[in-house]
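Data first, discussion second: the structure below is written as structure tokens.
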Amino acid sequence: MRLRNMCPAAMWKRPEVAKRETHMTKRILKGAYSRRTVLKGGATVAGALAMPAVISSKALASSGEINILMWSDYLPETFLKTFQDGTGIKVNYTGIGSNEEIINKMKATKGRGFDIVSPTNNRSLQWAPLEILQPFDMSKVEIDKVNPAMAKIGSTEWAFSEGEIYWVPHIWGTEGIAWRTDKFTPSGDLPSYGDVWKEENAGKTMGRGHSMMLGAGLYMETIGDLEPGSVWKAYESPETMQPIWTKITDWCVARKGNIKLIWNDADTQKNGLLNEGVIVGQTWDGPPLALKNDGEPVMYAAPVEGAMAWVDGMAIPTGAENIEAIYEFLKYAYTPEYAGEAIDHHGYNSPVLGADKFAGETYAKNFSEAYPGEALASLNPWPAEPQWYADARTEFVNKFLSA
């Protein structure tokens with residue numbers, strides 16, 4: 001990836017409090033979505049993965065393990081095999097589907113049981129007071145191999161103590177609209193969050209509770225049911241959020257019967273599109289693009305209202321036991337050949353500089369089709385979430401889900 005200076009200032013318009021909380025997130029995403037130059041030139045198909053020069057003698061002699069709590073589709077078998085064959089370190093991989101699951105597991109064990117966890121960049125305000133993460137030894141992290149704008153998240157939003165970094169970037173992506181190309185056609189050049197809720201698609205749509213409701217709010221702004229900017233203004237304070245999310249919740253409850261499936265992880269999204277009769281849904285980018293790569297009649301694209309953008313990272317819990325294995329894992333994660341090969345499988349994107357060159361032509365084509373025209377300039381960086389916002393949102397989502 002290369003730093004990008006093309007995003008217009010309008011992309012970052014948010015209320016003042018959200019602006020302060022997401023200052024670095026905005027700079028991160030401005031730097032992250034720079035792949036147009038790569039796409040224009042095409043991508044090189046990755047060759048066979050070879051043992052890297054970065055392996056240490058200690059790692060080669062290791063018969064140890066590493067316990068990783070990470071999003072369920074982020075570590076393809078090819079990556080895990082290459083890492084284990086090269087280091088002798090066994091990976092015990094526990095897949096998860098939400099930030100809440102990561103936080104709740106770590107709170108329950110008081111930071112024990114895992115060596116690496118993978119929180120999303122906008123959850124720093126929820127992790128800081130828990131005091132269940134330990135800082136990285138940055139002398140052992142090849143952070144210079146990562147997009148500088150994304151790398152800087154750790155030293156700003158995740159700098160819980162002076163001079164120490166508690167988070168490094170791993171995967172970035174978006175949430176937008178996926179559909180079956182043999183059963184649904186967007187009415188315009190781009191799909192809309194509103195497609196998930198429309199009567200003509202009733203009983204054939206899906207989404208995740210809280211983000212599907214946020215998408216509904218963005219759509220409501222375009223049809224006059226909410227004032228423009230309301231969804232992001234809701235991050236300002238509990239008093240501001242209450243009336244906005246009450247309207248969103250009432251609107252969604254009135255249309256809940258149109259929703260076929262509520263998904264909670266990558267596999268649920270794939271199954272919905274393949275086996276559950278879903279023709280259009282609000283999803284992450286990775287699962288539908290993986291299906292597309294497998295030859296299924298599936299498409300993913302940023303909606304007209306703008307896709308929601310995030311960066312998932314890696315952090316070390318206080319109870320981590322396999323410290324040397326953590327830094328060996330990071331060497332692999334930050335090696336362009338392996339990072340590129342991984343994104344070629346799961347369909348998300350890597351912050352590692354040059355990784356996209358090893359992801360193949362299919363990846364480049366998918367990226368171009370998912371973010372056509374000015375779609376990259378219209379991305380919605382997901383604001384940092386204070387705990388009060390997450391708690392209040394949970395109440396609104398529960399009201400919708402139980403309706």
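The values are calculated or read from the model by the stated rules, or taken from the named source; none is laboratory data. For clarity, every value in this text was computed on a predicted model and none was experimentally measured. Glycine also receives a Cβ, built like all others from the backbone with ideal geometry; neighbour counts cover every protein chain displayed. Note: areas computed on protein heavy atoms with side chains; ligands, DNA, RNA excluded. Shrake-Rupley method; radii C 1.70, N 1.55, O 1.52, S 1.80 Å.
Run the quick spin-label model on Thr362 and Thr394: label points 7 Å from Cα toward the beta carbon, then report their separation in nm to one decimal.
Going from the Thr362 label point to the Thr394 one covers 3.9 nm.
On full extension of the chain, what length is gained from Glu200 through Thr181, given 0.36 nm per residue of separation minus the C-alpha to C-alpha distance? Walk me through the numbers before you get to the answer.
Working: separation 19, 0.36 × 19 = 6.84 nm, distance 1.60 nm.
Contour length minus Cα-Cα distance gives 5.2 nm.
With a 1.4 Å probe and all protein chains left in place, how much accessible area per residue does segment 145-227 have, in Å²?
Working: 2970 Å² over 83 residues.
Accessible area per residue, segment 145-227: 36 Å².
Residues of segment 376-403 with amide nitrogen under 14 Å from the 7 Å Cα-to-Cβ point of Asn264?
In segment 376-403, the label zone of Asn264 (backbone N under 14 Å from the point 7 Å along Cα→Cβ) covers 398, 401-402.
Over 19 Å between Cα atoms: which of Lys105/Lys260; Lys260/Lys399; Lys105/Lys399; Lys145/Lys357; Lys183/Lys292; Lys145/Lys331 fall into that group?
Values: Lys105/Lys260 29 Å; Lys260/Lys399 17 Å; Lys105/Lys399 24 Å; Lys145/Lys357 14 Å; Lys183/Lys292 15 Å; Lys145/Lys331 10 Å.
Among Lys105/Lys260; Lys260/Lys399; Lys105/Lys399; Lys145/Lys357; Lys183/Lys292; Lys145/Lys331, the Cα-Cα distance tops 19 Å for Lys105/Lys260; Lys105/Lys399.
Using +1 on the beta carbon of Lys and Arg, -1 on that of Asp and Glu, and nothing else charged, what's the dipole of segment 113-202 about the Cα centre, debye to 20?
Numbers: 7 positive and 14 negative charges, 26 e Å.
With Lys and Arg at +1 and Asp and Glu at -1, about 120 debye.
Carbon and sulfur atoms: what percent of the 1.4 Å accessible area of segment 82-146 do they account for?
Carbon and sulfur atoms account for 48 percent of the accessible area of segment 82-146.
Efficiency by 1/(1 + (r/R0)^6): what FRET value for Thr94 and Leu130, r their Cβ-Cβ distance, R0 = 22 Å, to the nearest 0.05? Don't jump to the answer; show the numbers that get you there.
Numbers: r = 19 Å, r/R0 = 0.87.
Computed FRET efficiency for Thr94 and Leu130: 0.70.
What would the Debye formula give as log10 I(q)/I(0) at q = 0.10, 0.17 Å⁻¹ for the alpha-carbon point model of segment 271-403, no solvent?
-0.48, -1.14
Direction-averaged shadow area of the convex hull around the Cα atoms of segment 144-264, nm²?
Taking a quarter of the hull surface, the average projection is 10.8 nm².
If you split all Cα-Cα distances of segment 216-255 into 10 Å bins from zero, what percentages do you get per bin, shortest first?
All Cα pairs considered, the percentages come to 33, 58, 9.
What FRET efficiency do you get for Gln242 and Thr222 if R0 is 22 Å and r is their Cβ-Cβ distance, rounded to the nearest 0.05?
0.50
Can you list the residues of segment 115-141 with backbone N under 19 Å from a point 7 Å past the Cα of Glu65, pointing along Cα to Cβ?
Taking a point 7 Å out along Cα→Cβ of Glu65, the residues of segment 115-141 whose backbone N falls under 19 Å are 115-118.
Which of the listed residues, Val146, Leu130, Gly188, is farthest toward the dipole's positive end in segment 85-188, when Lys, Arg count +1 and Asp, Glu count -1 at the beta-carbon?
The residue sitting most towards the positive pole is Gly188.
Can you find, among Ala325, Trp310, Gly277, the residue sitting farthest towards the positive end of the charge dipole of segment 225-340, where Lys and Arg contribute +1 and Asp and Glu -1 at Cβ?
Of the options given, the answer is Gly277.
What size of dipole, in debye to the nearest 20, comes out for segment 148-201 about its Cα centre when the only charges are +1 on Lys and Arg C-beta atoms and -1 on Asp and Glu C-beta atoms? Please list the in-between numbers first.
On the way: 4 positive and 9 negative charges, 29 e Å.
The dipole of segment 148-201 has a size of about 140 debye.
In whole angstrom, how long is each semi-axis of the equivalent ellipsoid of segment 203-345, when you take the square root of 5 times every eigenvalue of its Cα gyration tensor and sort them from largest down?
Working from the Cα gyration tensor, I get semi-axes of 33, 23, 14 Å.
Any chance you could look up the accessible area of Met150 with a 1.4 Å probe, heavy atoms only, rounded to 10 Å²?
Ignoring ligands and nucleic acids, Met150 comes out at about 0 Å².
Given 37 °C and 0.692 mPa s, how large is the Stokes-Einstein diffusion coefficient of segment 247-313 in µm²/s, with Rh as the Kirkwood radius over Cα pairs?
Numbers: Rh = 13.5 Å.
After rounding, the answer is 244 µm²/s.
Need one number: nm distance between label points at Ser161 and Ile323, each 7 Å from Cα along Cα→Cβ, rounded to one decimal.
Inter-label distance under the simple model: 1.3 nm.
What's the Kirkwood radius of segment 69-177 in Å, using all Cα pairs? It would help to have the intermediate numbers written out before the result.
Details: mean 1/r = 0.0652 Å⁻¹.
It works out to 15.3 Å.
Which semi-axis lengths, in whole Å and largest first, follow from the square roots of five times the eigenvalues of the Cα gyration tensor of segment 141-202?
Numbers: eigenvalues 342, 35, 15 Å².
Taking √(5λ) for each Cα gyration eigenvalue gives 41, 13, 9 Å.
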